[in-house]
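Asks: The structure follows.
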Amino acid sequence: MPLSEHEQQLLEQMEQALYAEDPKFASQMQGAGARAAARRRVAIGVVGVVVGLALVLVGVNTTMWIGAIGFAVMVAAVAFALTPPRRGGKASLGAVQADGTVRRAGSRSKAGQAKGPKQRRTSGSFMDRMEERWDRRKDSGY
């Protein structure tokens, strides 16, 4: 059964909050598709290093420029293999607001500034309800 638009939005908010609060844990919890993509990047990097090394060896026997191009290919291949893939803007930096939403770096949220901690909605997002439940438990002494 597919998720409704509201449920998808709540799930996306929770993912953004997780990425903002603990990026290391979030990267460990990525699915098998992300691991396969990482293996593919490493494999492409290894092939690039081998091609670059072959160009360096050819450059030693012919001209210096072919060797320099081979070295550049090796450096680019290693950089490609070691950098994590981009996630389409989901993992951009931000700050978690009191209502559980993530404010992106450089954006301003007037709704988050106008609401005080005691003026939260009871029918808000999942994160709002969980935070209110946590506050009630903390206040009651459990």
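The values are calculated or read from the model by the stated rules, or taken from the named source; none is laboratory data. The structure displayed is predicted, hence computed values, not measured ones. Neighbour counts are summed over all protein chains in view; Cβ atoms, including those assigned to glycine, are modelled from backbone coordinates with ideal geometry. Remember, those area values only see protein heavy atoms, side chains included, never the ligands or the DNA or RNA. Shrake-Rupley method; radii C 1.70, N 1.55, O 1.52, S 1.80 Å.
Asks: Ranked by accessible surface with a 1.4 Å probe, highest first, in what order do Glu132, Glu21, Glu15, Glu7 come? Mind dumping the intermediate values first?
Replies: Details: Glu132 35, Glu21 125, Glu15 60, Glu7 90 Å².
Listed by decreasing accessible area, they come as Glu21, Glu7, Glu15, Glu132.
Asks: Through the Karplus equation 6.51 cos²θ - 1.76 cosθ + 1.60, θ set to phi - 60°, convert the phi angles of the range 61-72 into ³J(HN,Hα) values in whole Hz; use x for Gly and Pro.
Replies: 7, 10, 10, 5, 5, 5, x, 5, 5, x, 5, 5
Asks: Grab the beta carbon distance between Asp135 and Phe80, set R0 = 41 Å, and tell me the FRET efficiency rounded to 0.05.
Replies: Working: r = 46 Å, r/R0 = 1.13.
Working from the Cβ atoms, E equals 0.35.
Asks: Turning to a different aspect of this structure: Go through Arg86, Arg39, Arg133 and list them by solvent-accessible area, largest first, probe radius 1.4 Å.
Replies: Numbers: Arg86 230, Arg39 160, Arg133 110 Å².
The ranking, largest first, comes out as Arg86, Arg39, Arg133.
Asks: If R₀ is 25 angstrom, what is the calculated FRET efficiency for the pair Ile44 and Gln9, using the beta carbon separation as r and rounding to 0.05? It would help to have the intermediate numbers written out before the result.
Replies: On the way: r = 35 Å, r/R0 = 1.39.
Efficiency, rounded to the nearest 0.05: 0.10.
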